[in-house]
Amino acid sequence: MAAFRTGARTSPASPPVLAIALALLAVEAASFRPLRAAEVEDVQRLFWAGRYAECAAAASRAIDEGSLGESWHLLRIRSLLELGDERAALEALDSGLRRYSTTIRLRWLGRRVCIAADLPDRAGEMLREIEALVRSAPWRYRDRDNRLIVGRLLLELGADARQVLEQVYDPIKKEHPDFVEAYVASGDLALEKQDFGVAAQEFERAAKIAPDDPDILYRLARAWAEGDAARSEENLRRAVERNPSHADSLLHLVDAAIDRESFDEAEGLIDRVLRIQPRRPEAHAYRAVLAHLRGDYAAEAKHRAAALAGWSPLPVVDSLIGRKLSQNYRFAEGAAYQRRALEIDPDHLPAKMQLCQDLLRLGRDEEGWRLVAEVYEIDGYSVVAHNLNVLKDHLAAFRTLSADGLLVRMDPREADIYGKRVLDLLARARTALCARYDVRIDAPVAVEIYPEQKDFAIRTFGLPGGAGFLGVCFGGVITANSPASQGESPSNWEAVLWHEFCHAVTLHKTRNRMPRWLSEGISVHEEKLADGSWGQSMTPQYLELIAESGITPVSRLSSSFLRPASPLHLQFAYYQSSLVVEFLVERHGLEALKHILSDLAGGASIDEALARRVGSLDELDGQAEEYIRARAAELASKADWSRPESIGSLTPEALAAWNTEHPRSFWGLQAEALRLVARKEWKAAKQPLETFLRLVPEYAGPENAYEMLALVHRSLGEKDAERAVLRRLAELSSGGVAPRLRLMDLCLEAKDSEGLAFAARSLLAVNPLIQAPHRGLAQALEDLGRSSEAIPCYRALLAMDPVDPSGLHFRLARALRSEGKLAEARRHVLASLEEAPRYRDAHRELLAIVREMEEPSTAAELEEPAPQEVRR
């Protein structure tokens, strides 16, 4: 497809015209449509193969020899457009219109020709001529090709999309199930509305009918791009195989290469496009994007000018540049480009839609939500606008908590339960990380925590999906999944928020100008520094991955996040990035890392910043690989990592024989322990588990020795040993609800208050939405004589529909009185008595509170202000 398919929208069609057109389309199609000659199909294959010059020449010969039918003219014009020869395409259009004066198919394609030739007035005239022709002689356009054109016209004139789909496209597909263009039209409509699932279904049907058409494969790639990257890439590969000159597919590959930060690859693909279509605006627009990302702003302006040269102002150029900058986290710059696009065409919906998302990610909520409503009012079938509009209503019910430099938006119940803990954690992160990286963030950082994963996905990506993402930072705005959205095995929310707030700090320091690997590497590195159980460590699985796939060079590391081969590969990309950062800090110091970030903020590329401070990127590739392999070797030296084939299906005798020959085999010892535990041979399981633990004491991943050994100790009644093992597991691993619950029970039974406090806090970091850790921590603090610290626990428990509200109100009142907060203490003790009027301890507490309030020294009681709450 050539150049741009869209022009300025005309005003909606008048009701009489729509009525005439829809009446026409409701009529059963006539059967006089002439069949295509075999020669047309042969020439069509030339077009599909990208042999555009040959296709145009063949079509011209057929026309000159007197072959009948619009198809020859359509093929010639389309080929000339693909060759970038707009003048010849315009001449071919005029020739066709002289021969077929009442055609609407040629006029519909002619509109594209006029836009490509920078004749916007004539492009509008084409639409008006189609409308007039359909109105004057509707009977002439009852065949399927022309009905399809009328459907597209109606959409362009502002008709209701659902009406067109149900009254035009669907009947054509029903009457002509092998008519590929009907499925393409339906898919195009779904793509426009960002309903990618429906679009993929329609294009899959079209591909079955016309498997050699690269246009359809390209459309399939676009439809799958949001939900299935592998399928998207496969369809792009097939499209380019069939047509190496397919400019749309090549531009899509440019887009993907920029996302991978493979800028040289993107430049090469742009060169290929420009050799085919030298004036293709998108190609020059992508060059402007690359120049911006490299910090060459003069070249950015030059390439933008080239994209617009020879055209009437095109909103799509600025909209494309802005979209790609936003996808690379340059939201402010992206928003500025969308505003430029809207200055050219205030009704350009893609720019409005992107701008509203940019504004929401920049924390400019008022303008962002206003634009969402505006887009939804114009296009009620836009999936993203609809999703965001619904989300706005959900957000209206959230509660906003604020502290110095922080705004936290949460579900009201969750805010009551652990909102203060969120604020406290973020305040610690803000203090520690801003000081560490010499950053001052003046505007509040907004953190939104979603109890529904779909709401998180819509706020973050505009569409449902995004499974596996725990949190995302845009800079001054962070979105995160609540533990409530993660089922029975939630991740450590404290680690997630620390990680994301570190992004907020480094993105602020670099003005959002940092490669993905560096951003993620610093955040994972800082997790580990903040808490030894957070972050990542070298694992047996990573050893195997390194042996099988090697280590990705730093220069290509960002691409590992975009299209990972598996979830394990993605996790390793995070870990490898953190090791590169660890290497930089160990070898060159934290100051060098901070200088790199400052250089990036000043517009330097990562290559330039590294060369200035620590050496070239090529040098870093080699040094980082050596460092990572040394770290892997540390783990590899501790055990034998060979394993027998089909280890899970070995007989007990065969496994025992293997372990005899390989007494330090990690996989053999693990398999033997798993078998013995499954058979409840508790005493026998001890020996391989203890050996397993001595070999690799830091391993706390899947099927680790700690959990199995804890079960063995529990089954043998060895509670002290079980408690010690579970404590060590909690120190090593950031997740896991069941082991922490068991550790709390053991500490409570052993009257180990310090251990109970540790276990409860550890569990609160994983799932604060269950009562046990709040109750356990409150009990531990009371036993340790620190009852005032238990106040947040009691508040949380009261928000969780407790069995004994009277007792909780009483304990909270007592803790508040110890802090001198007498007025609030009195309210809670009265609440306790309201629940249980004969509660004698509560009566005594009330008398004590009243006596203290009557003393002169407490008459003017000053209570510590709670975190400010702003209800939306």
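The values are calculated or read from the model by the stated rules, or taken from the named source; none is laboratory data. Since this is a predicted model, take the numbers as computed values, not measurements. Reconstructed Cβ throughout: ideal geometry from the backbone, glycine too, with neighbour counts over all protein chains shown. Accessible surface is based on the protein model in full, side chains and every heavy atom, while ligands, DNA and RNA are left aside. Shrake-Rupley method; radii C 1.70, N 1.55, O 1.52, S 1.80 Å.
Quick notes on this one:
- Relative contact order (%) - criterion: Cα under 8 Å, at least six apart; region: region 170-243: 24
- Across region 184-249, the convex hull enclosing all Cα atoms gives 68 Å³ per residue.
- Here the calculated FRET efficiency for GLU548 and GLU586, from their Cβ-Cβ distance with R0 = 22 Å, stands at 0.20, rounded to the nearest 0.05.
- Per residue, the average separation of C-alpha pairs within less than 8 Å and at least 6 apart gives region 258-402 a relative contact order of 13 percent.
- Taking Cα centre as origin and charging only the Cβ of basic (Lys, Arg, +1) and acidic (Asp, Glu, -1) residues, the dipole magnitude of the chain rounds to 720 debye.
- Cα convex hull volume per residue for region 276-379 (Å³): 97
- For the chain, the fraction of 1.4 Å probe accessible surface lying on carbon and sulfur atoms is 51 percent.
- Taking amide H positions as modeled 1.01 Å from N, with prolines and chain starts lacking one, the residues under 5 Å from ILE478 and 5 or more places away or on another chain are ALA446, VAL447, GLU448.
- Theoretical gain in end-to-end length, ALA299 to ALA721 [0.36 nm per residue, Cα-Cα removed]: 145.2 nm
- For region 573-657, taking the reciprocal of the average inverse distance between every pair of different Cα atoms yields a Kirkwood hydrodynamic radius of 15.7 Å.
- Applying the Karplus relation 6.51 cos²θ - 1.76 cosθ + 1.60 with θ = phi - 60° to region 572-588 yields 3J(HN,Hα) values of 5, 4, 4, 5, 4, 4, 5, 5, 4, 5, 4, 4, 4, 5, 5, 7, 10 Hz, where x marks Gly and Pro.
- If you look at the Cα atoms of region 271-311, you get an Rg and a Dmax of 9.8, 28 Å.
- Taking the square roots of 5 times each eigenvalue of the Cα gyration tensor of region 640-706, largest first, gives ellipsoid semi-axes of 16, 14, 11 Å.
- Gyration tensor over alpha-carbon atoms, the chain, equivalent ellipsoid semi-axes in Å: 60, 35, 27
- Shape category assigned to region 408-474 from the gyration tensor of Cα positions, a/c cut at 1.5: oblate
- Taking a Cβ cut-off of under 15 Å around ARG844, the surrounding Lys, Arg, Asp and Glu residues balance to a net charge of +4, with basic ones at +1 and acidic ones at -1.
- A Förster distance of 60 Å, applied to the separation of the beta-carbon atoms of ARG140 and ASP607, puts the FRET efficiency at 0.45.
- Gyration tensor verdict on region 486-644 (Cα atoms; rounded if a/c is under 1.5, prolate if a/b is larger than b/c, oblate otherwise): oblate
- Sites GLN201 and LEU570, calculated FRET efficiency, Cβ-Cβ separation with R0 22 Å, nearest 0.05: 0.20
- Compactness of region 709-861 is given as radius of gyration and Dmax, 18.2, 61 Å, from Cα positions.
- Equivalent ellipsoid semi-axes, region 764-834, via Cα gyration tensor eigenvalues times 5, rooted, Å: 19, 15, 9
- Accessible surface area normalised per residue over the chain is 43 Å², counting heavy atoms of protein chains with a 1.4 Å rolling probe.
- With all protein chains in place and ligands, DNA and RNA left out, the 1.4 Å accessible area ranks TYR418, TYR329, TYR574 as TYR329, TYR574, TYR418, largest first.
- Two-site label geometry, LEU830 and ALA684: point separation in nm, points 7 Å out along Cα→Cβ: 6.8
- What the phi angles of region 311-323 give under the Karplus curve with 6.51, -1.76 and 1.60, with θ = phi - 60°, is a coupling list of 10, 5, x, 10, x, 5, 5, 5, 5, 5, 4, x, 4 Hz, glycine and proline written as x.
- Extension gain, LYS528 to ASP393: 0.36 nm times the residue separation minus the Cα-Cα distance gives 44.8 nm.
- DSSP-defined antiparallel bridges as percent of all bridges, the chain, nearest 5: 55
- Residue-span extension gain [GLU91 to ALA633] - 0.36 nm each, minus C-alpha spacing: 188.1 nm
- Simple rule: put +1 on each Lys or Arg Cβ and -1 on each Asp or Glu Cβ in the chain, find the dipole, and look at ALA373, PRO214, LEU847; the Cα lying farthest toward the positive end is ALA373.
- Computed with every protein chain present, the accessible area of ARG814 is close to 100 Å² [probe 1.4 Å].
- Label-to-label distance, nm, for residues given as ALA654 and GLN486 (7 Å Cα→Cβ offset): 3.9
- Neighbourhood charge, 11 Å Cβ-Cβ cut-off, centred on VAL439 and excluding it, Lys, Arg +1 and Asp, Glu -1: +3
- Proximal charge balance of ASP531 [Cβ under 13 Å; K/R count +1, D/E count -1]: -1
- Remark: spin-label model distance ASP442-ALA229 equals 3.7 nm, labels positioned 7 Å along the Cα→Cβ axis.
- CD proxy at 222 nm, helix term only [per DSSP H run n ≥ 4: -39500 (n - 2.57); per residue of the chain; nearest 500]: -21000 deg cm²/dmol
- Calculated on C-alpha atoms, the gyration radius of region 356-485 divided by its Kirkwood radius gives an Rg/Rh of 0.98.
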